[in-house]
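Student: Here it is: the structure, laid out below.
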Amino acid sequence: MTREKLDEMLQGGEGFTVEYKECVNGLNNSVFETVCSFSNRYGGYMLLGVQEVDHKGVVIGVNPRCVTDMKKNFVNMLNNPQKIHPSLYLNLEAMDYDGKTVLWVYVPVSSQIEFCDKKIFDRNEDADQDVSMSADLVANISNRKSSTYIERKIFPYADMDDLCIDLIGKVRQMAVNRNREHPWRDMDDAELLKSAGLYEKNRVTGEEGFNMACILLFGKTEVIQSCVPGYKTDAIYRVKNIDRYDDRLIVENNLIESYDILMQFISKHTDDRFFLIDNVNISVRSAIAREIVSNILVHRDFGSAFPAKLIVERDKIYTENWNRTQRIGKLELKDFTPYPKNPILSKFFVNIGYADGLGSGVRNLYKFTKIYSGGEPDLEEGDVFRLTVPLINNELKNPAIENEKLAIDGQNSAIEPEKLAIETNEGIIEKINSAIEKNKFSEPTKLKLLAIYQKVGKGQVFGAQDIVQIVECSSSTARELIKKLRKMDVIEEVKGNGKGRYRFILE
């Protein structure tokens, strides 16, 4: 949420997709009625700490002392089946507005009919309307959702024998590990599947059973091929044999198993890099891979036979998948509006920690890509959705990474923990590449050497301990990399700054 976006919603007044709530000291029941109605109509933004005056929004602010409790209560109620059913995974976000706190949340359209206090609410202009007793209005909601989300297609003759039952216990434990009070903890397998929206009844036709989302998440391979014949993910590693591939996997397992397989594929063919972020040592490569894999598995059109592709090359990872687009062109972070393509699957991945809330994945991708390579991801909407994440900042769009909270953990490091600058230019990268090729270093070594220069930069003093942290290697490997850099004549030893300290000398 940007200041400009908030101002636009305050000036535009309430409507189908915007709702103000005063809620200074706590949440009232109308908050959850609005969540329900937004979910059943077009989705929308709810702003807490805002009062309507003359058809416009005026910020009065939420009591700062109550923010933590309000956020916690909001999450708990959305996961309480007695309040909201099916459960939703949303979070209130805080924003400072001229010294006052506004809490906001974007509520996406859900693929199922949402209930609040066992009632059905629909959005009517700026009001939340109880339509529980109107068969026609409820049928309209059902028709809208059924025609949009293929993940809700019901397979009435599928049964528990068609599912990998052992995976249900696995995901239950994953959800409980994230939230000890998660409602799945005390549910049996059938109850969990119903709670997650994977077993449902069509209230128009009366048909009921496991839906496509359930088959995709837990189905045995032969069952998936029968129910969703176009489903597969083609994973390719292409570095030396650029005309074909060096390694390839055709992944046709269910989504839970596919996630692990694709994460391992990326791990096998890319370098890991750890950074200290908010005092936690994080594998940035894993963080990026998580967003890439969850996106290609969940946010795609399963009604198409177009095979999804995940391709790892020397300088980038990119994906392609068929898409049910809402717009054409590049997605920019500043004007990005999240839209759930498969809400049941998205919500399930969030519950087990394979993804974050709607919209958070794109923000994480921008954040961690900048840390990893200094570049930015490229996301392009169309009939085919394309995602590209640079592994090396070859295009040099960002001459410096500043004010990122990156740190190298090591004594006597001369690299500032709050600012690791990349001061480079195209000529220097070419010199490094040329020196690497001349010495015939292996591809993994080549990537490590480039990563060291990109993270250290020209002029900064570094040692073996710094390299250990940059490329996550042993001390002996770090010393070997220093020997290679000296052989390339791209670094010099710095006298009078302790033994074993170096800096790059490229111009």
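Student: Helix-derived [θ] at 222 nm for the chain: sum -39500 (n - 2.57) over DSSP H runs of at least 4, divide by residue count, nearest 500?
Tutor: Result for the chain, helices only: -11000 deg cm²/dmol.
Student: List the pair-distance distribution P(r) of region 158-221, using every Cα-Cα distance, as the percent of pairs falling in each 5 Å bin from 0 up to the bin containing the longest distance, rounded to whole percents.
Tutor: Computed distribution, short to long bins: 4, 17, 27, 24, 15, 9, 3, 1.
Student: Towards the positive end of the charge dipole of the chain, with charges on Cβ (+1 Lys, Arg; -1 Asp, Glu), say which of 385, 2, 150 has the farthest Cα.
Tutor: The Cα lying farthest towards the positive end belongs to 385.
Student: Can you send over the carbon and sulfur percentage of the accessible area for the chain, probe radius 1.4 Å, protein chains only?
Tutor: Using a 1.4 Å probe with all protein chains present, the chain comes out at 46 percent carbon and sulfur.
Student: Let me ask you something else. In what order, largest first, do 101, 34, 477 sit by accessible area if the probe radius is 1.4 Å?
Tutor: Ranked from most to least accessible, the order is 477, 101, 34.
Student: Now, a different point. Expressed as an acute angle from 0 to 90° and rounded to the nearest 10, what is the orientation of the C-alpha long axis of helix 255-269 relative to the principal long axis of the chain?
Tutor: The answer is roughly 10 degrees.
Student: By how many degrees, between 0 and 90 and to the nearest 10, does the Cα long axis of helix 3-12 differ from the longest principal axis of the chain?
Tutor: It is inclined by approximately 20 degrees.
Student: For residue 28 and residue 267 in the same chain, what is the full-extension length gain: residue separation times 0.36 nm, less their Cα-Cα distance, in nm? Don't skip to the end; give the middle numbers.
Tutor: Working: separation 239, 0.36 × 239 = 86.04 nm, distance 4.61 nm.
Net length gain for the segment: 81.4 nm.
Student: Continuing with this model, one more query. With a 4.7 Å Cβ cut-off, tell me which Cys residues in the chain come up empty for a partner.
Tutor: 23, 66, 164, 214, 227, 473
Student: If you don't mind, another one. Say R0 is 56 Å: what FRET efficiency, to the nearest 0.05, do residue 60 and residue 205 get from their beta-carbon distance?
Tutor: 0.75
Student: To continue, here is another question. Is there a quick way to get the dipole size of the chain? I mean about its Cα centre, with the Cβ of Lys and Arg at +1 and of Asp and Glu at -1; what is the value in debye to the nearest 20?
Tutor: Around 1680 debye, computed over the chain.
Student: Let me ask something else about it. Over region 70-224, what per residue volume does the convex hull of the Cα atoms give, in whole Å³?
Tutor: With only Cα atoms used, region 70-224 gives 145 Å³ per residue.
Student: While we're on this one: Please list, in chain and number order, the residues 5+ apart from residue 308 or on another chain whose amide H is under 5 Å from its amide H, with Hs placed from the backbone.
Tutor: Long-range HN contacts for residue 308: 232, 234.
Student: Could you tell me how many degrees, from 0 to 90 and to the nearest 10, lie between the Cα long axis of helix 443-456 and the main elongation axis, the longest principal axis, of the Cα atoms of the chain?
Tutor: Helix 443-456 sits roughly 90 degrees off the main axis of the chain.
Student: Calculate the translational D of the chain in whole µm² s⁻¹ from Stokes-Einstein, where the hydrodynamic radius comes from the Kirkwood formula applied to all Cα pairs, the temperature is 20 °C and the viscosity 1.002 mPa s.
Tutor: Values: Rh = 25.2 Å.
Rounded, D is 85 µm²/s.
The values are calculated or read from the model by the stated rules, or taken from the named source; none is laboratory data. From a predicted model like this one, the values you see are computed outputs, not experimental measurements. Every residue, glycine as well, gets a Cβ built from its backbone with ideal geometry; the counts of neighbours run over all protein chains shown. These area figures cover heavy atoms from the full protein model, side chains too; ligands, DNA and RNA do not enter into them. Shrake-Rupley method; radii C 1.70, N 1.55, O 1.52, S 1.80 Å.
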